[in-house]
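What follows is a set of notes on a single structure, which appears directly below.
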Amino acid sequence: MTNQNVVVPDSRKGIGITIAMALSKSLLSPFVPKLLPAAPDGCFTISRKMFSKKTETEGKTHSWVDSMRDSSPTRAKPTTSLSETQEKNTWIVNHPSALNMFEQIVNGSKGKQIVMFLDYDGTLSPIVEDPDRAFMTNEMREAVRDVGRYFPTAIVTGRCRDKVYSFVRLAGLYYAGSHGMDIKGPSKNSCRNKRNVLFQPASEFLRMIDEVYNVLLERTKCIPGAKVEDNKFCISVHFRCVEEKMWATLVERVRSVLNGYPKLRLTQGRKVLEIRPTIKWDKGKALEFLLESLGYANSTDVLPVYIGDDRTDEDAFKVLRSRGQGLGILVSKVPKETNASYSLQEPTEASTLILLAKGFLFSFRC
């Protein structure tokens, strides 16, 4: 049996951690890395700095995996505990259903210009295994089309703007793709009170994003279920089809690529890792930009309504709270920390709310 002796010297003397192993050469040679050569007595040294860095890296990976697990849609459970029921009831009190509170919302909108902001995945369409097949229903498209005739309406998404337009196929809307880093509005002739807007605050990152996208394709191709999506000004690494036991590996590979690109940052959404430029721009900034473009930046007679389901939508909810003006509505079946004021259970409820908005809110404007 092999004897092992691990010695940790006094850290105050600045001495590294020495690990002495009485191992035979046949065991030692295959497992000792070249950067840690063994001394003649069979000992090798790992510096405290290297040890701390490895521990820190592992800790960050575990933190990311925990966050990925928390943000993943919860599957329906056969039974619900009393504490879970109480938690949900408390959450509903603080974030009541927008459908149940619709009359109150209508009363608060009287005399105000409504501007609709809508996330796509998980709001206008369900979350599906293949992100390329996240199609909205015809009923939802009709609801969005009709409300867009009465109120300025924007689709604010992490998707590539052209990609989400191919899903929605409605020309009279504003589209803010890549988390608001690619904004374009309808042509001037499509609606009397709407302007054509084109804003791309991250244009200088296009070449870098394309380079990282190609590297990530190569580095993640051996992880079953992982899908890398090029969203023009950002990159999405979908893990909705990746087994949970492989999440840590996926995070490590993504982070290892980004180590060489300090101007890019890693964030997380619902079943997706997002790689974005480090510029101070997000869905909340996009909301503010569109309100200013529409002439409502300092108006007290506007009511922005933002409906979204993702952690990235929280940036928009925060803006509405800081303005003290507007309604943030979170689409979620489970309680979660949010800056939204109201909630909806699923995209079908969002469709119902949009239809009600078209029918009732427009009547109060007339």
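The values are calculated or read from the model by the stated rules, or taken from the named source; none is laboratory data. From a predicted model like this one, the values you see are computed outputs, not experimental measurements. Cβ placement follows ideal geometry from the backbone for every residue including glycine, while neighbour counts extend to all protein chains displayed. Note: areas computed on protein heavy atoms with side chains; ligands, DNA, RNA excluded. Shrake-Rupley method; radii C 1.70, N 1.55, O 1.52, S 1.80 Å.
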Practice problem: Give the residues of the stretch 276-302 that are open to solvent by less than 40 Å² (accessible area, probe 1.4 Å) and in contact with a Lys or Arg (Cβ under 7 Å, 6 or more places away or on another chain), sorted by residue number. | Solution: Arg276, Pro277, Gly284, Ser293, Val302
Quiz item: Can we say Lys184 is touching a residue at least 12 places away in the same chain (Cβ under 8 Å), surrounded by fewer than 19 Cβ atoms within 10 Å (Cβ to Cβ), charged (D, E, K, R) and assigned by TED's automatic domain parsing to the domain that holds Val305?
Solution: yes
Quiz item: Among Phe199, Phe205, which is the only one that is modelled with pLDDT of 95 or more and not polar (S, T, N, Q)?
Solution: Phe205
Exercise. Name the residue, out of Gly148, Gly108, that is buried (at least 24 other Cβ atoms within 10 Å of the Cβ), at pLDDT below 95 and not β-branched (Val, Ile, Thr).
Key: Gly148
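What residue, of Leu266, Leu273, is in a strand (DSSP E or B) and open to solvent by 20 Å² or more (accessible area, probe 1.4 Å)? If you could, list the steps in order and put the result at the bottom.
On the way: Leu273 fails: open to solvent by 20 Å² or more (accessible area, probe 1.4 Å).
Answer to the selection: Leu266.
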